[in-house]
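Asker: I am attaching a structure below and will ask some questions about it afterwards.
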Amino acid sequence: MENATQPGNGTLRQVDAVVIGAGFAGLYTLHCLRDRLGLTTQVYEAGSDVGGTWYWNRYPGARCDSESVFYMFSDHLSKDILQEWNWSERYAGQAEILRYLQFVADKMDLRRGIQFNTRVDSAMFDEAANRWLVTTNDGQTVSARYLITGVGCLSKPFTPEFKGMETFAGQSCHTAEWPDEGIDFTGKRVAVVGTGATAVQIVPEIAGEVEQLYVLQRTPSHDVPGRNHPLDDAYIAEIKGRYGEVWDHTRDSFGGFPFSPGEGSATDATPDQRAQIYNAAWQKGGLGGFAFGTFGDLMVNKEANDTIVDFICEKIHETVEDPEVAEALSPRYPFFTKRPPLEHGYYETFNQDNVTLVDVKTAPVKEITPTSIITENAEYEVDIIIFATGFDAMTGALFAMDIQGRDGIKLQQKWAEGPRTYLGLATEGFPNMFMVSGPQSPSVLTNMPVSIEQHVEWISQCIQAMDEKGVDCIEPLPAAEEQWLAHHAEVSDATLIPQTDSWWVGANVPGKKRLLYPYPGGLDNYRKVCDQVAENGYDGFAQTTHEVSAVS
Ligand code: N01
């Protein structure tokens, strides 16, 4: 392995690997490559600290939808950290998760491998040298043998273009670009645009502070109660006592959660049996148990899915006092075809006098003026507009960089008709580049840290195997990529997900190719495929060794 040399005196700095991003993915990749394989590894991070998603998303109410005790690095990173770290709530808030990642970075001595406040502008594959030239926004270029993206699936904010929005004289911001100094909502008239997972968190959090809150809804979501609560010492001790078994179960599960999957069809159960099963999961709270722990066919059988939709809509009508508002909030399309948010008092918020649901599906926003939002049928005077309008997911952050592979082909060009990957890990024409949680991998359909660990471990074992074999260039074979695409399409079409417009299918961003971006076949099945590929000597990858010209 080369040693890194510092920039200056005209010498191009050489490292073994450049990693982009210092969230869960970047931190674990740095540890695996630098501390386990001994590779010189440089991480670049746009933020001023570690955290990724949890660094950027600081809006009030930001909280994880996975249970905190399973939303962390497993025993594969460090058994000590598992024992030392204590979560305070069933679902940790943003600040606590950020503290956890800072704790991990300090304990594992990761900060010295990360250059903060630095964005990667471009990454060009230099075929003659068989290396990546990575240029950052501070004008530095570094040469790396491997390029690993850990840029997150939801890190490129998306704000729709509304006529006149630039004229708005009040305060406005996207939830993922929250100002450091925060926003004072006291006595303000506020509009929240969007009703996805982010809006569902922020709305109940600020409803008590604002004078008037307008929630602009285009599509209602299927919100499942979180039933958050503090964690007591006995529970923490019990989990810590069986973490080994918990992680084994988690790694081998469909969604990256240590729950037993639901069995049988919802249509075979009697209405009473169904009500009992749905109610038990609803009372317990939590998305995984409700979506995956009730019946086995909700994601693939429309008739079965209708039963859970009816149940959710009944619950909304029980909670929201005004029947018209309750109906407007009722999502009468298949459950889990858009990401269902976890809610903490969202529906109750609409019983407050100062909260108004604004239907922008039937009467879309026409214009934003300096003082108001004007829809097709009304004008809402506001002081603050919060855009909880989501992200250009999965490809947005990759395309934001100028990544050019063999023959100067840009990633955007190669993926003009949608992502083309092998296993969601790599793409032909971009040698020695690996993506953590890339498109066509399970990622956002699973508990992210568990999927991230699987990816990072697979990538680092692959790099180790290449080094042992003396291979210096690896990239997918076109046929293997084609096969993965066909498999991905087949598995996607077997689910109900493509039937609904959502960011999962890219429908939220105008002009984005509509297809399912994550892999819906389950982390357990996906892991087996990846393991098999590795066992077969990295089947489906071209592996070559070059005589390379010297790098100047
Ligand atoms: O974004 P979204 P999000 N006019 O895309 C609406 C993760 N997450 O930030 O549904 C009016 O889901 C849009 O309407 P519609 C989680 O994976 C995780 O809420 O397209 N409205 C929708 O209501 C989640 O899925 C946690 O009709 C417009 C909203 O904006 C993902 O992040 C917490 C509009 C966008 O919803 C994204 O969630 C929070 C327009 N022109 C988020 N354009 C955790 O658990 C868009 N909308 C960790």
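The values are calculated or read from the model by the stated rules, or taken from the named source; none is laboratory data. Please read these numbers as outputs of a predicted model, since none were measured by experiment. Cβ sites come from the backbone with ideal geometry, for glycine too, and all protein chains shown count toward neighbours.
Asker: Looking at the structure I just gave you, is MET466 under 22 Å from the mean Cα position of the chain (by Cα) and either closer than 15 Å to GLN543 by Cβ or within 16 Å of the ligand (Cβ to nearest atom) (or both)?
Answerer: No.
Asker: Given the conditions (1) surrounded by fewer than 16 Cβ atoms within 10 Å (Cβ to Cβ); (2) in the same structural domain as ARG406 (by TED's automatic domain parsing), which single one is not true for ASN432?
Answerer: Of everything listed in (1) surrounded by fewer than 16 Cβ atoms within 10 Å (Cβ to Cβ); (2) in the same structural domain as ARG406 (by TED's automatic domain parsing), ASN432 misses just condition (1).
Asker: Taking only segment 347-358 into account, find how many residues are away from the ligand (no atom under 16 Å from the Cβ) and either assigned to a loop (DSSP other than H, G, I, E, B) or modelled with pLDDT under 95 (or both).
Answerer: 4
Asker: Looking at segment 318-346, which of its residues are touching a strand residue (DSSP E or B) at 6+ places or on another chain (Cβ under 8 Å) and in a helix (DSSP H, G or I)?
Answerer: Within segment 318-346, VAL325, ALA328, LEU329 qualify.
Asker: Any residue in segment 452-477 that is closer than 25 Å to GLY522 by Cβ and outside the structural domain of ARG145 (by TED's automatic domain parsing) sitting within a Cβ distance under 6 Å of a residue that is of a type in the set (Asp, Glu) and modelled with pLDDT of 95 or more? List the pairs, counting only those 6 or more apart or interchain.
Answerer: PRO476/GLU428
Asker: Select from segment 143-193 the residues that are among the small types (Gly, Ala, Ser), farther than 30 Å from THR11 by Cβ and away from the ligand (no atom under 11 Å from the Cβ) and list them in ascending order.
Answerer: Correct list: GLY164, ALA169, GLY170, SER172, GLY182, GLY187.
Asker: Could you grab me the full set of residues in segment 74-92 that are in contact with a Pro (Cβ under 9 Å, 6 or more places away or on another chain) and away from the ligand (no atom under 16 Å from the Cβ)?
Answerer: SER74, SER88
Asker: Looking at this structure, is THR395 under 16 Å from ILE20 (Cβ atoms), in contact with a helix residue (DSSP H, G or I) (Cβ under 9 Å, 6 or more places away or on another chain) and without any contact (Cβ under 8 Å) to a residue 60 or more places away in the chain?
Answerer: For THR395, the condition - under 16 Å from ILE20 (Cβ atoms), in contact with a helix residue (DSSP H, G or I) (Cβ under 9 Å, 6 or more places away or on another chain) and without any contact (Cβ under 8 Å) to a residue 60 or more places away in the chain - is not met.
Asker: I'm trying to understand the selection: among the residues of segment 135-187, which are on the phi > 0 side of the Ramachandran plot and buried (at least 19 other Cβ atoms within 10 Å of the Cβ)?
Answerer: Within segment 135-187, GLY152 is the sole residue that qualifies.
Asker: On to the next question. Would you say VAL215 is at pLDDT 95 or above, buried (at least 22 other Cβ atoms within 10 Å of the Cβ) and in contact with a Ser or Thr (Cβ under 6 Å, 6 or more places away or on another chain)?
Answerer: no
Conditions (1) within 25 Å of the chain's Cα centre (by Cα); (2) outside the structural domain of HIS76 (by TED's automatic domain parsing); (3) exposed (fewer than 13 other Cβ atoms within 10 Å of the Cβ), marked per residue:
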residue: GLY196; (1), (2), (3): yes, yes, no
residue: LYS240; (1), (2), (3): no, yes, no
residue: GLY244; (1), (2), (3): no, yes, yes
residue: THR250; (1), (2), (3): yes, yes, no
residue: GLY255; (1), (2), (3): yes, yes, no
residue: THR270; (1), (2), (3): no, yes, yes
residue: ARG274; (1), (2), (3): no, yes, no
residue: TYR278; (1), (2), (3): no, yes, no
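Asker: Another one. For THR421, indicate whether it is modelled with pLDDT of 95 or more, more than 30 Å from CYS64 (Cα to Cα) and either within 16 Å of the ligand (Cβ to nearest atom) or among the β-branched types (Val, Ile, Thr) (or both).
Answerer: No; evaluated as a whole, the condition is false for this residue.
Asker: Among the listed residues GLY52, GLY47, GLY23, GLY93, which satisfies the condition of being surrounded by 22 or more Cβ atoms within 10 Å (Cβ to Cβ), small (Gly, Ala, Ser) and at negative phi?
Answerer: Matching residue, one of GLY52, GLY47, GLY23, GLY93: GLY23.
Asker: Same structure, new question: Has segment 368-385 got at least one residue that is part of a loop (DSSP other than H, G, I, E, B), at pLDDT 95 or above, in contact with a Gly (Cβ under 9 Å, 6 or more places away or on another chain) and within 16 Å of the ligand (Cβ to nearest atom)?
Answerer: yes
Asker: A further question on this structure: If only one of TYR517, TYR526 is within 16 Å of the ligand (Cβ to nearest atom) and either surrounded by fewer than 19 Cβ atoms within 10 Å (Cβ to Cβ) or closer than 27 Å to ALA397 by Cα (or both), which one is it?
Answerer: Only one candidate passes the filter, namely TYR517.
Asker: Here is a further query. Which residues, taken from segment 199-222, are in contact with a strand residue (DSSP E or B) (Cβ under 9 Å, 6 or more places away or on another chain) and either over 26 Å from TYR380 (Cα atoms) or among the β-branched types (Val, Ile, Thr) (or both)?
Answerer: VAL200, ILE202, VAL203, ILE206, VAL210, VAL215
Asker: Restricting the first residue to segment 82-106 and requiring it to be among the acidic types (Asp, Glu), which pairs with a second residue that is part of a loop (DSSP other than H, G, I, E, B) meet a Cβ separation below 8 Å and a spacing of at least six or different chains?
Answerer: GLU89/ASN228; GLU89/HIS229; GLU89/LEU231; GLU96/TRP87; GLU96/SER88
Asker: Right, here's the next one. Report every pair of residues separated by at least 6 positions or lying on different chains whose Cβ atoms are under 6 Å apart, first residue within segment 165-176 and in the same structural domain as THR369 (by TED's automatic domain parsing), second within 11 Å of the ligand (Cβ to nearest atom) and at pLDDT 95 or above.
Answerer: HIS174/PRO157; HIS174/THR159; HIS174/PHE387; THR175/TYR59; THR175/THR198; THR175/ALA388; ALA176/ASN57; ALA176/PRO157
Asker: List every residue pair whose Cβ atoms sit under 8 Å apart, with the two residues 6 or more apart in sequence or on different chains, where the first one lies in segment 54-70 and is within 22 Å of GLU209 (Cβ to Cβ) and the second, anywhere, is more than 7 Å from the ligand (Cβ to nearest atom) and of a type in the set (Ser, Thr, Tyr).
Answerer: So the pair list comes out as ARG63/TYR91.
Asker: Here's something else I'd like to know. Which condition from (1) at pLDDT 95 or above; (2) of a type outside the set (S, T, N, Q); (3) not in a helix (DSSP H, G or I) is the one that PHE311 breaks?
Answerer: With (1) at pLDDT 95 or above; (2) of a type outside the set (S, T, N, Q); (3) not in a helix (DSSP H, G or I) applied to PHE311, the lone miss is (3).
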